[in-house]
Amino acid sequence: MVDRNDRIVRAAADEGESLLVDDFVRLVEQYHDNDRAGVARETLDAYARRLEDERPDFDADAFLGAIDDRLTDDGYATDAFYRLDDDRVSVYPAQWHDDLGGETDLREYVRYLGALEPGAGAELGGAGRGVPEHELLDAVGVLGGTDPDAAKAELERLRDGGELVEDADQHPNARVRFPDTERE
């Protein structure tokens, strides 16, 4: 039996009909107490069934089917979920877990994600240099196990200290990068 986190259920239920399958998997992967990379398929099933109990308009089978339809073992692919081991699912490829798993330093994420070749995930969030802020914070949350509020505060600290720079903060796809004086 899966011990579900009520914070996850509330957050997913609060999204209502606008809840995307990507956001659902990310939410469970980030906030469910996992002992290793990704989230067990049975855990996703348990959360989907609980959400279906909370929201009669939610179709757990459709959500779980959408996850299965997009599941891949390959490297980065647009609009995919990744199979880790035999029974685990992640919003990030296994290689990202291998390279960044447990890392909490935002600068390491900017280096890693900023160095990816186009088509390997770095293009998320639109054109421009750097890493989209939302992708950076999501990645450190899932891969590094860092609370999003703490990661955002750390980003602001690094930005205020001049270690990282960012496009206009109110831009929906603000990109984070190293200052031009430092090699990316």
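The values are calculated or read from the model by the stated rules, or taken from the named source; none is laboratory data. Bear in mind that the values here come from a model prediction, so they are computed numbers and not experimental data. Note that we place each Cβ from the backbone using ideal geometry, even for glycine, and neighbour counts take in every protein chain shown. All accessible areas refer to the heavy atoms of the entire protein, side chains included, with ligands and DNA or RNA removed. Shrake-Rupley method; radii C 1.70, N 1.55, O 1.52, S 1.80 Å.
A few points about this structure:
- ASP149, sole failed condition from (1) open to solvent by 40 Å² or more (accessible area, probe 1.4 Å); (2) in a loop (DSSP other than H, G, I, E, B): (2)
- Qualifying residue in the range 16-26 (condition: of a type in the set (Val, Ile, Thr) and farther than 28 Å from ALA153 by Cα): no
- Residue count for the range 153-176, restricted to those that are modelled with pLDDT of 90 or more and open to solvent by less than 50 Å² (accessible area, probe 1.4 Å): 6
- Look at the range 166-181: where a residue is within 14 Å of VAL110 (Cβ to Cβ) and a partner is small (Gly, Ala, Ser) and modelled with pLDDT of 80 or more, sitting 6+ places away or on another chain with Cβ atoms under 7 Å, you get GLU166/ALA174; ASP167/ALA174; ARG175/GLY130; VAL176/GLY130; ARG177/GLY114; ARG177/GLY130; PRO179/GLY162.
- Subset of the range 69-88 (residues that are touching a helix residue (DSSP H, G or I) at 6+ places or on another chain (Cβ under 6 Å) and aliphatic (A, V, I, L, M)): LEU84
- Single residue of the range 95-105 satisfying the filter (under 13 Å from the mean Cα position of the chain (by Cα) and assigned to a helix (DSSP H, G or I)) that is farthest from ARG26 (Cα to Cα): LEU100
- Reported count of residues in the range 1-34, each being surrounded by 18 or more Cβ atoms within 10 Å (Cβ to Cβ) and polar (S, T, N, Q), is 1.
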